[in-house]
Amino acid sequence: MSSRNLDFTRRSLLKTAALVPLASGAVGQEADASNSLKSKAARRGITFGCGVSAPQIAKDQAFRAAVMADCAEIVPWAEMKWGFLEREEGSLDFSSADALVQFAHANSLKIRGHTLVWYNNLPPWVPQALAGPDGRRFYETHIRTVLSHFGTKVVNWDVVNEAIEPNDKLPGSYRNSPFLKRFGPDYIPHAFEIARSVLPHTPLYYNDYGIEYNFQGSKRDAVLELLSSLSKRGLVDGLGIQSHLKIGLWFDAKAFRSFLADVASLGLSILLTEFDVNDMRAPADIATRDREVADHAFRYLETTLDEKAVKGLVAWGLSDRYTWLDVPPFARRDGLPSRGQPLDAKLQRKPLWDAIARALDGAPVRPS
Ligand code: 9MR
């Protein structure tokens, strides 16, 4: 994004933050505020939210209203990542992230932090800088600076994202990232140590994908082992399970339920952090596709929300108007737009919205 666009985004967002009323209804939806995903979730002690990007919030009033009608929380898709904050070494630009924080606060929404340490979306200068003599200083400074900047305005953080990748065939199933190459596996606990020291009361999460289906069992085992070693040292508060579901994959509810119980038994919270459903393998027909998406999602949510340690559900985009699922290679081969978010591109509720609502209504109440 050019700096001109960033400026525009920031200005519009600041204006927006001031103007958006507290209780605005989603366009075209009934005004009954209790019939929203956020209220249904809240009645069970769960926080419902969605991933957004700054320009969507700044420029699209109807979308903004839909976010406020259904969500109690937002998560920046990219604006808090290293690659967004510091494209050039030493020139930090927090303006878009700050604008989202301000929008959230002005409208009584929580905002999660995503993410401090990720092998992807790194500024181009970082891999080389990490490998050099000052690598450790760059690493530590990044984590400290970002956390200190947002302080307690952000409710919790994905400290490390996607650090396990069994396909890389390394001991411990660690992903072969620039961090691992430079520091070895210790970069993970070290990031959590720094985060704890900067923000001792902010819950800290390890976040990953690819553990939702049975064929991903070896990744589940490696994630559990990592969590267990971090939690023994008091460094981690929870697991973020991204929950990018996919039609055509077989979801084994019993096996996943027992994985969730294993995580909970470590005393950790669980958040479903990037929920959506890839429908590239579903038929083109919209009614059939929507039903398959809703059924797949319901089975997953019914199982996960049964575990009381699951305290949050974030849709990675609230509507099909804005979704990463239309970006190749994740997009449908027939070129049709995906239908993997709760609202359609016109911000109308879909069977997936109903499935999420039904799963939330059926979830046990969490102890407060
Ligand atoms: O949806 C996000 C997209 O807008 C960003 O361009 C991209 C790179 O920063 O990240 C996407 O979100 C990813 C998330 O941060 C981690 N899990 C996978 C998500 C989809 O790629």
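The values are calculated or read from the model by the stated rules, or taken from the named source; none is laboratory data. Keep in mind that what you see is a predicted model, and the values were worked out from it rather than measured. Positions of Cβ are backbone-derived with ideal geometry, glycine not excepted, and every protein chain shown enters the neighbour counts. Heads up: the accessible areas ignore ligands, DNA and RNA and are worked out on the full protein's heavy atoms, side chains in. Shrake-Rupley method; radii C 1.70, N 1.55, O 1.52, S 1.80 Å.
For the reader, a short list of remarks on this structure follows.
- Ordering Q348, M280, L130 by Cα displacement along the dipole of the chain toward the positive end leaves Q348 in first place; charges were set at the Cβ atoms of Lys, Arg (+1) and Asp, Glu (-1).
- Computed [θ] at 222 nm, deg cm²/dmol, the chain (DSSP H ≥ 4; -39,500 (n - 2.57); rounded to nearest 500): -13000 deg cm²/dmol
- For the chain, built as a Gaussian network whose Cα springs stay under 10 Å, the top-fluctuating residue of T303, T202, T288: T288
- Cα point-scatterer Debye curve for segment 244-368, base-10 log of I(q)/I(0) at q = 0.20, 0.22 Å⁻¹: -1.11, -1.28
- Most mobile of K169, K110, K153 in a GNM of the chain (Cα contacts under 10 Å): K169
- Residue-by-residue Karplus 3J(HN,Hα) for segment 117-122, coefficients 6.51, -1.76, 1.60, Hz, glycine and proline x: 10, 9, 5, 9, 6, 8
- Contour minus Cα-Cα distance for R333 and D295 (0.36 nm per residue): 11.5 nm
- Pairs of Cα atoms farther than 32 Å apart, the chain, %: 30 percent
- What the pair-distance distribution of segment 163-243 shows, using all Cα-Cα distances binned every 5 Å from zero, is 3, 15, 24, 25, 20, 10, 3, 0 percent.
- Chymotrypsin sites (Phe, Trp or Tyr not before Pro) within segment 182-253, DSSP loop, no more than 16 other Cβ atoms inside 10 Å: W250, F251
- Alpha-carbon Debye profile of segment 91-144, log10 I(q)/I(0) at 0.19, 0.21, 0.23 Å⁻¹: -0.78, -0.88, -0.97
- Kirkwood-type radius of segment 302-353, with distances r between different C-alpha atoms, in Å: 12.4 Å
- In the context of the full set of protein chains, the chain has a per residue accessible area of 41 Å² (1.4 Å probe).
- FRET efficiency for K346 and Q61, using Cβ-Cβ distance with R0 set to 25 Å, rounded to 0.05: 0.95
- Listed pairs K81/K254; K81/K232; K110/K181; K169/K308 exceeding 30 Å between Cα atoms: K81/K254; K110/K181; K169/K308
- Counting only residues at least eight positions apart within a chain, or on another chain, the aspartates and glutamates with an alpha carbon under 18 Å from that of K311 are D70, E73, D158, D208, E212, D237, D262, E274, D276, E302, D361.
- For segment 128-188, the carbon plus sulfur part of the accessible surface works out to 49%, probe radius 1.4 Å.
- Cβ charges +1 (Lys, Arg) and -1 (Asp, Glu), total dipole of the chain, debye: 400 debye
- When the solvent-accessible area of segment 246-345 is split by element, carbon and sulfur atoms take up 56 percent of it, the probe being 1.4 Å.
- Computed over segment 209-251, the convex hull of the alpha-carbon atoms projects to a mean area of 3.1 nm².
- Spin-label pair K254-S34: with each label point 7 Å from Cα along the Cα-Cβ axis, the two points sit 3.9 nm from one another.
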